[in-house]
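Only the coordinates and a few stated rules stand behind these numbers; no lab work does. As the structure is a computational prediction, the values presented were derived from the model and not from experiment. All Cβ positions, even for glycine, are placed from backbone atoms using ideal geometry, and neighbour counts span all protein chains on display.
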Amino acid sequence: MVLEVKGITKHFGGIQALTDVTFQVEKGEVFGLIGPNGAGKTTMFNVITSMFPPTAGEVKFSNRTLTGMKPHDITKTGVCRTFQNIRLFPEMTVLDNVTVGQHCRTKSGVWAGVFKTKAQKQEEEKIRLKAMELLQLVGLDDYEDSFAENLAYGQQRRLEIARALASEPTLLLLDEPAAGMNEKETNDLFELIQKIKELEITVLLIEHDMPLVMKVCDRMAVLNFGKKIAEGTPEEIKNNQEVVEAYLGREEEEELA
């Protein structure tokens, strides 16, 4: 087991965003977190990564308690995420956006950078080569010198994933990576997630594109009004009547049948 979310509750004043949510993510799987808008999915990501402290409950990663840790320290443990809204550095090059993601793994200090020591130069070259490997993985190696703001939308999504991978996570949280994508871009994303899984990186995925979710996920949990209403394989979720009524709907059910 890589991730254990146990009894997570989160209040914002009088609003109860999450109520006693529990699930586990196994090593090497793609685990989906689905549900209607406002169900608490992104709030759960924010709790896992300590952007929000939980009102109650605990999050463990590889048997280490994440609850109460600083977000940057959680990244160092091997947990990284993307966001619903793309958060790139638009006026930096594609390559530089990825190298920035490796900052938590670098060893050279300020003075090594000032004096350009041999060790610092070697580390800088290693970072560049790693970034190029990741750009090749996401299909952006021909755009290394382009500015991030000049990429197409789907390419920017893939660049954000490459930057997250640069931190060398063992657990990658993807928050609606297919949002706004066309059919080809979504198919490319499916193939990319499969490649990430082959690298033995566990993936926790929030997504509304149900054909993608059903195809790429090994298991999933369903949230509705901040409560978990189901958990299981795609087939089990597709045939769960409560999920159909709360989220999938009759039309979606027919499409997935």
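Placing +1 on the Cβ of every Lys and Arg and -1 on the Cβ of every Asp and Glu, with nothing else charged, gives the chain a dipole about its Cα centre of roughly 1420 debye.
Antiparallel beta bridges, as assigned by DSSP with both residues in the chain, represent about 55 percent of the total such bridges. Between residue 24 and residue 236, the modelled labels are 1.3 nm apart [label points 7 Å from Cα along Cα→Cβ].
Annotation for residue 133 and residue 145: the two label points, set 7 Å from Cα along the Cα-Cβ direction, are 2.4 nm apart.
Can you show me the helix-derived [θ] at 222 nm for the chain, built from DSSP H runs with n ≥ 4 at -39,500 (n - 2.57) apiece and divided by the number of residues, rounded to the nearest 500.
-11000 deg cm²/dmol
Normalised by the number of residues in the stretch 151-257, the mean separation of alpha-carbon contacts (under 8 Å, six or more apart) gives a relative contact order of 19 percent. In the chain, taking the dipole from charged Cβ atoms about the Cα centre, the farthest positive-side position among 206, 62, 19 is held by 62. Taking the longest Cα principal axis of the chain as reference, the axis of helix 118-137 is set at about 40 degrees. Taking every C-alpha pair closer than 8 Å and separated by at least 6 residues, the mean separation divided by the residue count of the stretch 1-104 gives a relative contact order of 25 percent.
Summing +1 for each Lys or Arg and -1 for each Asp or Glu among the other residues whose beta-carbon sits under 11 angstrom from that of residue 223 gives +2.
Take the Cα of residue 77, step 7 Å toward its Cβ, do the same at residue 194, and the gap between the two points is 3.3 nm.
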